[in-house]
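Only one structure is covered here, and it is reproduced in the block below.
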Amino acid sequence: MPDRESPTPSRPGPYDSPGPYEKGRAKRREILDAALELIAAKGYGNMSLQQIADAVNITKAGLLHHFGSKENLLTEVLRRRDERDTASFSDSDAAGPRITRIVRHNSEVPGLVELYSALIQEGVDAEHPAHDYFRERFRRVAGNVVADIRHAADTGELRPGLDAEMLSRVLIAVADGLQQQWQYDRSLDMAAHLDYLWSLLGTAPARDLSEDPSVPPGGTA
């Protein structure tokens, strides 16, 4: 099981915020990248701080020196994941909305989905370091989804008159809910279900999910 650390009320800024030493910022980036790889490969429940420390050749105490607590570290791991996803899925001309492409990618990194699900529950506590992260993330992701909805409506892919602001929050809720279900049933094709919902909003006839070969019989978890 992962190490447990008591949350700290202090909330340091993003790992790459301006600081006195570039060497320290570079080390924090190295730690976050190593943690991302370990969690993706081993799973959140099988990862320990000592494993991360070993991967970057420092002590566990040295690891905590850079982030203050395990909760701060894991929050910054998710922030670093978002940074990578933004770089990888920012092409607005690619097929399908970004949220579907990201969910499809998430099915390949179950450990990071486990981490996200764990922290989204713990982050409800206003004193948890992930609280502000998730509040800001929901606002940012909603903005991206709004942009995709409006672009699709302008190009005739989605029917006109949709409330992009409200629909963006619904799509985020569906994506997060599918990820929860997927952790109990890995045969669930999350992206296919989001694609189906997207098709219901379109101007073309909705795709029949039951005929999609990528979806198991029954179509739901």
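The values are calculated or read from the model by the stated rules, or taken from the named source; none is laboratory data. If you're wondering where the values come from, they're calculated on a predicted model, not measured in any experiment. When we count neighbours, we look across all protein chains shown, and the Cβ atoms used for this are built from the backbone with ideal geometry, even at glycine. Calculation scope for accessible area: heavy atoms of the full protein, side chains included, ligands and nucleic acids excluded. Shrake-Rupley method; radii C 1.70, N 1.55, O 1.52, S 1.80 Å.
Reported value for the stretch 75-198: 98 Å³ per residue, from the convex hull of its C-alpha atoms. Backbone phi angles across the stretch 66-81, fed through the Karplus curve with coefficients 6.51, -1.76 and 1.60 (θ = phi - 60°), yield HN-Hα couplings of 7, 10, x, 7, 5, 4, 4, 4, 5, 4, 6, 4, 5, 5, 5, 4 Hz in residue order; Gly and Pro are listed as x.
Karplus-based coupling profile of the stretch 50-61, in residue order and whole Hz: 5, 5, 5, 4, 4, 5, 10, 6, 9, 7, 4, 5, with θ = phi - 60° in 6.51 cos²θ - 1.76 cosθ + 1.60 and x standing for Gly or Pro. Potential lengthening of the chain between V170 and T59 amounts to 35.6 nm, from the contour at 0.36 nm per residue minus the alpha-carbon distance.
If the chain linking R29 and V124 were pulled fully straight, counting 0.36 nm for each residue of separation and taking away their Cα-Cα distance, it would gain 31.6 nm.
For a straight C-alpha distance cut-off of 24 angstrom, the lysines reachable from K23 (same-chain residues fewer than eight places away being disregarded) are K60, K70. Over all directions, what mean area does the Cα convex hull of the stretch 17-149 project, stated in square nanometres? Result: a mean projected hull area of 8.8 nm². The residues neighbouring V170, those whose beta-carbon lies less than 12 Å from its own, together hold a net charge of -2 under the Lys/Arg +1, Asp/Glu -1 convention.
Accessible area per residue, 1.4 Å probe, Å², for the stretch 24-104: what's the number?
Values: 3400 Å² over 81 residues.
Averaged over the residues of the stretch 24-104, the accessible area is 42 Å².
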